[in-house]
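See below for the structure under consideration.
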Amino acid sequence: GPGWVVLLDGATAPPGVDSGCRHDPAWLVRRLGGQIAARMALEDGKPLPDLVAESIKVTVEVHMGCDLENPDSPSATVSLLRQRGDVVEWFVLADSPIVVDVGEVLVFRDDRVDRLPSYTAEAVRGARNSPGGFWVASTRPEAAYEGLTGEVPVEGLRRAAVLRDGASRLVEKFGEMGWDGLLRLLDEEGPRELVRRTRVAEASGTVERGKRFDDATAVLVRF
């Protein structure tokens, strides 16, 4: 929208995991993303964690017939960018990073999911939306207040990227470039080329943990 970006990345459940819900992650992303975007469009200056918490609460209320206590309920990352006057506010919940160029490149990323002691299905289930674990948008509105948030001045801000973790793999998984190179690629050749190069790297490389191929979305904002 004018002056803001909302990006969500739904988490695909591993095979055999019972979410206790008749809805899939795409359902969650559509409704939760729409709720957040509607609140961003109001431009009332409400803090970003409040917007996310309210949106989760409203989305939960239409989870009719689902087991909302199930820790494997559909979930999503949330990354927000919003300009308000002479600052740009940012918010990240889980591992979809925001990268800004203020003369130096700054990366805002919630890396708690990368520091779990174990990645078995049981261990991840126990760590999800739990103290000492990691936090995502799912069925608990209070998770919004576990996100990371801050702001940077508009003055000196050249560009920013909001990325699903599938679009940050050239840096984070494959080490083919740094964050400054990724921003430059987005700026000069666009998101489509970033995704193309990511697919080439995925096809020829190896990934120690997680999916070999991952959905990739990138948003570039110029100031």
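The values are calculated or read from the model by the stated rules, or taken from the named source; none is laboratory data. Quantities reported herein were computed from a predicted structural model and do not represent experimental measurements. Note: ideal-geometry Cβ built from the backbone for every residue, glycine included; neighbour counts use all protein chains shown. These area figures cover heavy atoms from the full protein model, side chains too; ligands, DNA and RNA do not enter into them. Shrake-Rupley method; radii C 1.70, N 1.55, O 1.52, S 1.80 Å.
With the condition kept exactly as written, say whether any residue in region 16-25 is over 15 Å from Arg140 (Cβ atoms), surrounded by 20 or more Cβ atoms within 10 Å (Cβ to Cβ) and not hydrophobic (A, V, I, L, M, F, W, C).
For region 16-25, residues over 15 Å from Arg140 (Cβ atoms), surrounded by 20 or more Cβ atoms within 10 Å (Cβ to Cβ) and not hydrophobic (A, V, I, L, M, F, W, C): present.
Looking at Val105, Val60 in this structure, which one is over 25 Å from Leu163 (Cβ atoms), surrounded by 13 or more Cβ atoms within 10 Å (Cβ to Cβ) and in contact with a Leu (Cβ under 7 Å, 6 or more places away or on another chain)?
Answer to the check: Val60.
In the set Pro74, Pro49, which member is in a loop (DSSP other than H, G, I, E, B), under 18 Å from Ser96 (Cβ atoms) and open to solvent by less than 40 Å² (accessible area, probe 1.4 Å)?
None of the other options fit; the residue is Pro74.
Can you name the condition, by its number, that Gly103 falls short on among (1) in a strand (DSSP E or B); (2) over 28 Å from Cys21 (Cβ atoms)?
Of the numbered conditions (1) in a strand (DSSP E or B); (2) over 28 Å from Cys21 (Cβ atoms), the odd one out for Gly103 is (1).
Kindly indicate whether Val29 is surrounded by fewer than 19 Cβ atoms within 10 Å (Cβ to Cβ), of a type in the set (Val, Ile, Thr) and closer than 23 Å to Gly166 by Cβ.
For Val29, the condition - surrounded by fewer than 19 Cβ atoms within 10 Å (Cβ to Cβ), of a type in the set (Val, Ile, Thr) and closer than 23 Å to Gly166 by Cβ - is not met.
Count, please, the residues in region 126-158 that happen to be under 19 Å from the mean Cα position of the chain (by Cα) and without any contact (Cβ under 8 Å) to a residue 60 or more places away in the chain.
9
Let's see how each residue does on (1) under 17 Å from Val105 (Cβ atoms); (2) of a type in the set (A, V, I, L, M); (3) at pLDDT below 95:
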| site | (1), (2), (3) |
| --- | --- |
| Ser168 | yes, no, no |
| Val171 | yes, yes, no |
| Glu188 | yes, no, no |
| Arg196 | no, no, no |
| Ser204 | no, no, yes |
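Quick check on this structure: which one of Asp110, Asp95 is open to solvent by less than 50 Å² (accessible area, probe 1.4 Å), within 26 Å of Val219 (Cβ to Cβ), part of a loop (DSSP other than H, G, I, E, B) and without any contact (Cβ under 8 Å) to a residue 40 or more places away in the chain?
Going through Asp110, Asp95 in turn, the sole match is Asp110.
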